[in-house]
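Engineer: One structure, as C-alpha cells, below. Some questions next.
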Amino acid sequence: MIKYRIDIDGLRALAVIAVILFHLGYLPNGYLGVDIFFVISGYLITSIIYKDLNEQKFSIYRFYERRVRRIIPLLLFITTISLIFGVFLMLPDDLENLAQSVVASNFSVNNILMLITSADYWATKNEYKPLMHTWSLGIEEQYYLIYPFLLLVISKIRLKWINHFLVVTSLISIVLFLFFGNAASRFYLLHFRFFELSVGGLLAVISFHKKVNHPSIKYLFYFSVTGILLLLLAPDISSRYLVVFTTICTVLAVTTGGFVSPNDVVLKYLFQNKFAVYLGKISYSLYLWHQLIFAFSRYAYFEKIGFQETIFLISITFTLSAFTYHFIENPFRDKHKISTKRAFMLLGFIFIISTSSALYIYFIGGVYKDFPEIGLTREDVRKQGYNLFSGSDNIHIHYNEKVRQLDKDFEENDRFKVLIIGDSHGRDVVNIFSESSIDKYIQLNYFDILRIKNDETIAARWEKADLVVVAASGVLDKKEIMEIGNAFHFSIDLEKVVVFGIKNFGYSNGIQYNNMSSINDFSKYYASMREGTMATEAKLQHEWGASYISLITPVINEDGKIRIFDGNGKFISQDTVHLTRAGAKFYATILATEIERILNPNYSSEIW
C-alpha cells in the first residue's frame, strides 16, 4: 500500500467544501473543487497501480475489487434513496428525469446523460436534479475502466514508457480542452478532462522515483495553496483556463505537501487539523449527499435558501455523511467485515432492484398514479404506451408534439389561414388557438423554426397565410425575419406578423405540488419568476410594439409574481415553461380578446 498522506485529506476537505458552497450559491467558482478531486484521484490511483506494476504484482481483479468496494456501495445507496424520495415528492416529468439519472448513474454514464439532456451545468433547472453531480463520478469510473489496462499493456513493453504515455496523453487532452469541442463536451466528456487525471498520474510516477526535500519546498506549497484559494474566491469568471490553473496549483500542492514538515504552521492548522482531516475522510459521502439534500429541499420545501436554511441543510448533510461513512463506506471496504462474495452479491441485488425500478418508472413516464393536477392518469399511460426512449412521443410532450401533424401545406379552402412558426413554444400557441372557440373558423398551420433558413417551402406557406404568428424560445427579431424573405426571394409583410411572447411559471412546480393541500384559492396563488424574465419581456415588447402578444401580462400580479394554476387547481405549465392542456384552455379564455384583435382586422365573418 502507498503511504497515507494526511495533507491530501485536508485538500479533499477544501475541495468538497468548495463544491457544497457552490451548490448553495455562495461560491461561484466552487465547481473547481471537482477539478481538485480529479487531480487527487489521478495521483492516488496511479500511485497504487504503478507501485504494483513496479513490483510485478498488479492484479486487474484486485484493482476493480477495491474500486467497487470504494465507490459502488454508497453510490447505489444514494441513487436508490433518491428514487424513493422522488416517488413521494416529484411530479411525473421530474420523476421520469430522475429515473433516467438513476439508471445512468448506476451504469456510470450520467456525464453523458447530462451532456444530452442538460448541456449547461450552470442552468437553474440543474439545482432541482438530485443526481446532477454524479457526472463527475461518470468521468472517474470511465477513467478507472480503461486506465489500468493501458498502464498494464505499456508496462509489459517497458515500465518507464508509462511516464511518456502520461506526458503525451496529458498534452493531447489539454489541447482538446482548450481549443476543441463546445463548452458542454469539454465539461462532461472524459477525453477533454483526461489531462487532470493524467497529470496527477504523471506526478505519482515522478514522485515514485524522485524525492524532493529542500527547505524552500514549503514556499512552493504556500504558493500553490494560495493559488487554489484565489481561484476559488475569484469573481464569477467562466473560463476554461480556470480549470487549467486549478489543475496546476493542485499538482503543486500534492507534490510539495508530502515534503513539508508536519509541524509547519500552514500545513498543521489548515490541512492537518482534526476537523479538516475528518471532512476529507467523509468527503465522498459529503459529495454524494449534499446535492440530493439541496435539490429535494429546493424542489419541495424552500423556494430560496437563505442563511438559516443553509445551516440546517449543511447540518443534515454532515450528519448523514458521517453515518454513511461509518456504516456503509467503511464496512464495505473491509474484507473482514464483508467478504468479497457477499459484497458483490449484495451490490448486484441492489443494482438490479434500483436499476429495474428506475427503468420501470421511466417507461411509464413517472405516472405511477393519477396526477389530476397536470391532467395525467394511469389510463393515459395505457393508451399512450410505454416510453421507449422516444424523443417525440413521450407522454409529457405528446400534447405539444401532436401539433406537428399541422406541419404541412395549407389546404385550399375559404378559412382564415394562420401560419404559426416556432419550436415547442410555437406548438403551445397552436394549442391555445386549438382550444379556443375560434378554432373552427380558421385553418392552423405549423412550421418548425429549425427549418426556416433551409426549407424553401416556407415561402409558399407565408404567402398563403393571412396571419403569421412567431413563437419560439429565441424569438426572431424583425431583421432576421426580413432575411428569410431575402433568402427565398419572397415578400415579407411585417404588418401580418404577430409575436407571442415568452413564458415563465417560476423555478419549479415541486413546491406548489407538495403544498397544494394548504392552498385555499388557486386563482390567487402566485410564484416568483426566474431572474431576467421581465427584462426579456420588455425587450420584446419594445421590438414588436402592438404586434406583441404577452403571455405574462395577463397572469402577473402587482408584486411581479406569476400565476401557477387555473381556477380548478390544475397547473398551467407542466415544467414551468410549456403548457398543459388545462394551461392552453386557460390562455385561450384569457386571451380571447387579443386573439379577436389580431384576427378581426383581416377577416370578415359572421363570427365577429
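Engineer: Just to be sure I understand the model, the point goes 7 Å from the Cα along the line to the Cβ. What's the resulting Y64 to L229 distance in nm?
Structural biologist: A separation of 4.4 nm, rounded to one decimal place.
Engineer: Which of the peptides 508-516, 40-48, 489-497 is most tightly packed, and how do the rest follow, judged by the mean count of other Cβ atoms within 10 Å per residue?
Structural biologist: By packing density, highest mean first, the sequence is 40-48, 508-516, 489-497.
Engineer: Which residues' amide hydrogens lie under 5 Å from the amide hydrogen of L376, considering only partners 5 or more residues apart or on another chain, with H built in the peptide plane?
Structural biologist: For L376, the qualifying residues are F371.
Engineer: Against the longest principal axis of the chain, how steep is helix 92-106, in degrees 0 to 90 to the nearest 10, with axes from Cα atoms?
Structural biologist: 30 degrees
Engineer: Using r as the Cβ-Cβ distance of N557 and W161, and R0 as 60 Å, what FRET efficiency do you calculate, to the nearest 0.05?
Structural biologist: Calculated transfer efficiency: 0.30.
Engineer: Can you pull the percent of the chain's accessible area that's carbon plus sulfur, 1.4 Å probe, other chains left in place?
Structural biologist: Carbon and sulfur together cover 60 percent of it.
Engineer: Quick check for you: with a 1.4 Å probe and neighbouring chains kept, what is the accessible area per residue of region 89-149, in Å²?
Structural biologist: 31 Å²
Engineer: Oh, and also: Just to confirm a number: summing +1 for Lys and Arg and -1 for Asp and Glu over residues other than I248 whose beta-carbon lies under 11 angstrom from that of I248, what do you get?
Structural biologist: -2
Engineer: Could you calculate the contour length gain from F323 to V87, that is, 0.36 nm times the residue separation minus the distance between their Cα atoms, to one decimal place in nm?
Structural biologist: 82.6 nm
Engineer: Arranged from highest to lowest average of other beta-carbon atoms within 10 Å per residue, in what order do the peptides 336-347, 10-21 appear?
Structural biologist: 10-21, 336-347
Engineer: For Cα extents along the principal axes in Å, several values are listed as [x] 93, 53, 44; [y] 92, 56, 48; [z] 120, 50, 45; flag the one computed from this structure.
Structural biologist: Working out Cα extents along the principal axes in Å from the coordinates points to [x].
Engineer: Under 22 Å from the Cα of K129, which lysines turn up, not counting those fewer than eight places away in the same chain?
Structural biologist: Counting by Cα, and skipping residues close in sequence, K129 has these lysines nearby: K304, K369, K503.
Engineer: For the pair D414 and T117, what calculated FRET efficiency results from E = 1/(1 + (r/R0)^6), where r is the Cβ-Cβ distance and R0 = 60 Å, to the nearest 0.05?
Structural biologist: After rounding to 0.05, the efficiency reads 0.85.
Engineer: Determine the gain in length on full extension of the stretch A592-D455; use 0.36 nm per residue of separation and subtract their C-alpha separation, reporting nm with one decimal.
Structural biologist: So the extension gain works out to 46.1 nm.
Engineer: Oh, and also: How high is the FRET efficiency from D423 to N263, r the C-beta distance, R0 60 Å, rounded to 0.05?
Structural biologist: 0.40
Engineer: Could you check the spin-label model distance between D334 and M534? Points 7 Å from the Cα along Cα→Cβ, value in nm.
Structural biologist: 5.9 nm
Engineer: K51 to F490: extension gain in nm, 0.36 nm per residue of separation minus the Cα-Cα distance?
Structural biologist: Separation in residues times 0.36 nm, less the Cα-Cα distance, equals 150.8 nm.
The values are calculated or read from the model by the stated rules, or taken from the named source; none is laboratory data. What you see is a predicted model; the values in this text were computed from it and never measured. Please note: Cβ atoms are built from the backbone with ideal geometry, for glycine as well, and neighbour counts cover all protein chains shown. Calculation scope for accessible area: heavy atoms of the full protein, side chains included, ligands and nucleic acids excluded. Shrake-Rupley method; radii C 1.70, N 1.55, O 1.52, S 1.80 Å.
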